[in-house]
Structure formats: C-alpha cells, structure tokens
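The values are calculated or read from the model by the stated rules, or taken from the named source; none is laboratory data. All of these numbers come straight from a predicted model, not from anything done at the bench. Here the Cβ positions follow ideal geometry from the backbone for every residue, glycine too, while neighbour counts run over all protein chains shown. We work out accessible area using only protein heavy atoms, side chains counted, and drop any ligands, DNA or RNA first. Shrake-Rupley method; radii C 1.70, N 1.55, O 1.52, S 1.80 Å.
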Amino acid sequence: PKFAIMNTELTVPWTAELKLAELLAARLCHDLASPLAAIDNGIELLNEPGFRESAQALDLVSSSTSQAVATLRFFRSALGERGEITGRASQVRELGTDWLRLRRIALEWGLESPSLPPEVGRLLLNLLAIAAETLPRGGIVTLGSTRTPAALCYTAVASGPDAQLSPEMARALEACSSEGLDPREVHAYFLRRLVQRSGGALDVENRPEEVVLELVLRS
C-alpha cells in the first residue's frame, strides 16, 4: 500500500506540544537505557573482588559507551535545534551511519552534494530513523536524490528481511496530533510535523522486502 502526506496546515494546542515533548523524551530514554545499563554492569564487574575477566568487562563498557554516544549525537541533531546541523553532508552521513549500525543496518549514501541546508539535513536524519523502524532484522538503507525544475526529491529505500512499515507507524505518519501515540511511534509523527513545516510532502510505499520513503521539497 502507498499513501502520501501532503502539505496541510496543522494547528496544535500547547497541551499536544507538551505531549509530543514527553513522548520524544521517553523515546530517547528508551534508546539510551540499554547501553547505559551495560556500562553500569561492566563497571560493577570491574569492581568485583577477584574478578579476572577485566578485558571482557572493558570491552563491554567501551562498546556500550560508543552506542550511547552515537545515540545521543544522532538524536541531538535529529530532534534538537537546526543549529546542531552544520550544513556539511558528511556530518549527516556520519551520524546516520553510526546510528544505523547499532541496528545492524548499513547506510548506502548516494548524495553527491557536499553541503545540505540544516533543515534538510535534519529532515534526512529523521527520514533515516523511520527507515530503520521498517527493518526489524537489519538490512540496508539506500539514500539518494533527484532534482526537477520544481522540486528536490530525496529517496530512502529500506531493504531487508521482513521490511515493512507497520500499521502503527503508518497511523503515526498520518496522525493530526500526538494523542494516542506511544514512544515507539512518535518519531514518525515528528517527521510528519517537520515535513509540513518545510512545505514538502512525503510518500511511503510498502513493497516485498522493501520500503520506499520519498521526501519531496520545493526548489
């Protein structure tokens, strides 16, 4: 099935904005809970009297720290102010690659321009986040772009076993408010809000073992 999110006006009361902030905070805490708990476990092992597997514990602490840092860096730029994005395409590529790797997903970067407007970079990070949600068993996300006289189109193709945009995520992408959503779905709604603010449109299509997300921005 294929559906489109067009540029329609959204008027959201402040209580809904607060709900959105709460959901995004919950999502961030959820993603950080596992690596931070692993770091804590590794430190406890190192402090255990007579513990001999110090190298194993240090590896656990090191890898979990890298996961936590990659998650924080990604969400700081994807959810934070546009000032977190420098305008360098390489920054967006690095952030996306490191974060997707945590989910056993490889990023194939097909953008040729060395620069991206900060708001576009932020949109692309959130687009990658939704693409990752469609790959429960890992896979590949291929990001590319095409230009027409009227618009610039960015396409993220998520390929892998059981690739599918779930009905819950589809509902969040079409939702008019954050009411009824949970932290697992809120990123899709947040992307919807960003797309609408940019004056663009988002098309999503489920295919066998593949999900195509197409972001269209006016030139």
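With Ser66, Ser113 as the choices, which residue is surrounded by fewer than 21 Cβ atoms within 10 Å (Cβ to Cβ), part of a helix (DSSP H, G or I) and either polar (S, T, N, Q) or modelled with pLDDT of 95 or more (or both)?
On the way: Ser113 fails: part of a helix (DSSP H, G or I).
Testing whether each residue is surrounded by fewer than 21 Cβ atoms within 10 Å (Cβ to Cβ), part of a helix (DSSP H, G or I) and either polar (S, T, N, Q) or modelled with pLDDT of 95 or more (or both) leaves just Ser66.
Tell me which residues, restricted to segment 138-160, are closer than 11 Å to Glu210 by Cβ and assigned to a loop (DSSP other than H, G, I, E, B).
Answer for segment 138-160, where residues must be closer than 11 Å to Glu210 by Cβ and assigned to a loop (DSSP other than H, G, I, E, B): just Gly160.
Would you please list the contacts, defined by Cβ atoms under 6 Å and residues six or more apart or on different chains, that run from a residue in segment 102-121 that is over 14 Å from Gln91 (Cα atoms) to a residue that is open to solvent by 30 Å² or more (accessible area, probe 1.4 Å) and assigned to a helix (DSSP H, G or I)?
If the second residue must be open to solvent by 30 Å² or more (accessible area, probe 1.4 Å) and assigned to a helix (DSSP H, G or I), the pairs left are Leu102/Gln67.
Tell me whether segment 188-195 contains one or more residues that are open to solvent by less than 40 Å² (accessible area, probe 1.4 Å) and touching a strand residue (DSSP E or B) at 6+ places or on another chain (Cβ under 6 Å).
Of the residues in segment 188-195, the ones open to solvent by less than 40 Å² (accessible area, probe 1.4 Å) are 188-192, 194-195.
Within this subset, residues satisfying the condition of being touching a strand residue (DSSP E or B) at 6+ places or on another chain (Cβ under 6 Å) are 192, 195.
Within segment 188-195 (the criterion being open to solvent by less than 40 Å² (accessible area, probe 1.4 Å) and touching a strand residue (DSSP E or B) at 6+ places or on another chain (Cβ under 6 Å)), the answer is yes, since at least one residue qualifies.
Quick test of your reading of the structure: Asp40 fulfils all but one of (1) open to solvent by less than 70 Å² (accessible area, probe 1.4 Å); (2) more than 15 Å from the chain's Cα centre (by Cα); (3) not polar (S, T, N, Q). Name the failing condition by number.
(1)
Criterion first (closer than 26 Å to Ala37 by Cβ, assigned to a helix (DSSP H, G or I) and touching a strand residue (DSSP E or B) at 6+ places or on another chain (Cβ under 7 Å)) does Leu100 satisfy it? Don't jump to the end; show me each part of the working.
Values: closer than 26 Å to Ala37 by Cβ: yes; assigned to a helix (DSSP H, G or I): yes; touching a strand residue (DSSP E or B) at 6+ places or on another chain (Cβ under 7 Å): yes.
In short, yes.
Can you name the condition, by its number, that Arg76 falls short on among (1) under 18 Å from Ser145 (Cα atoms); (2) open to solvent by 60 Å² or more (accessible area, probe 1.4 Å); (3) part of a helix (DSSP H, G or I)?
Unmet condition: (1).
Looking only at segment 118-137, which residues are assigned to a loop (DSSP other than H, G, I, E, B) and surrounded by 14 or more Cβ atoms within 10 Å (Cβ to Cβ)? Explain how you work it out, then say what you get.
Looking only at segment 118-137, we keep the residues that are assigned to a loop (DSSP other than H, G, I, E, B), and these are 134-137.
Hits for segment 118-137 are Thr134, Leu135, Pro136.
When you scan segment 138-153, how many residues do you find that are of a type in the set (S, T, N, Q) and either closer than 16 Å to Met169 by Cβ or loosely packed, with under 15 Cβ neighbours inside 10 Å (or both)?
Of the residues in segment 138-153, the ones of a type in the set (S, T, N, Q) are 142, 145-146, 148.
Remaining after also requiring either closer than 16 Å to Met169 by Cβ or loosely packed, with under 15 Cβ neighbours inside 10 Å (or both): 146, 148.
Total meeting the criteria: 2.
Taking segment 160-206, which residues are within 25 Å of Gly139 (Cα to Cα) and without any contact (Cβ under 8 Å) to a residue 12 or more places away in the chain?
Pro167
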